[in-house]
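Here is the structure we will look at, set down as structure tokens.
What follows is calculated from the coordinates using simple rules that are stated; it is not laboratory data. Note that this is a predicted model, so its numbers are computed, not measured. Cβ placement follows ideal geometry from the backbone for every residue including glycine, while neighbour counts extend to all protein chains displayed.
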């Protein structure tokens, strides 16, 4: 997968997270969970872009780790929103699938970078 393709995918992921948060009911709990998802979901693409600008191989290996953490955190908030009944499973299926795919891509990239460094 090309860098620009992944930049676009992580941006679309952020936009989907933004749209989900905007559609949440106006309740205290959905506001708290939504803010957390907004932070982590938009951070995925920002941190991926930072990884693309890595200055060393160590930097290139560590920055995607942050991307992986932010995706995992996003998954957590999406799961909480669904489990708490704030959103239906149907409304988050695409976002969950994309998060899982981005996780797999990121983990594979980290493994490749570590293997190539050795």
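The table below lists the values:
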item	result
Positions within the range 1-38 being over 19 Å from residue 101 (Cα atoms) and loosely packed, with under 15 Cβ neighbours inside 10 Å, in sequence order	19, 22, 23, 25, 26, 27, 28, 29, 31, 32, 35
Filter result for residue 65 (part of a helix (DSSP H, G or I), free of Cβ contacts under 8 Å to residues at least 40 places away in the same chain and either surrounded by 13 or more Cβ atoms within 10 Å (Cβ to Cβ) or touching a strand residue (DSSP E or B) at 6+ places or on another chain (Cβ under 6 Å) (or both))	no
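For every residue, the table says whether it meets (1) over 15 Å from residue 6 (Cα atoms); (2) in contact with a helix residue (DSSP H, G or I) (Cβ under 6 Å, 6 or more places away or on another chain); (3) touching a residue at least 60 places away in the same chain (Cβ under 8 Å).
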position: 35; (1), (2), (3): yes, no, no
position: 56; (1), (2), (3): yes, no, no
position: 73; (1), (2), (3): yes, yes, no
position: 80; (1), (2), (3): yes, yes, no
position: 86; (1), (2), (3): yes, yes, yes
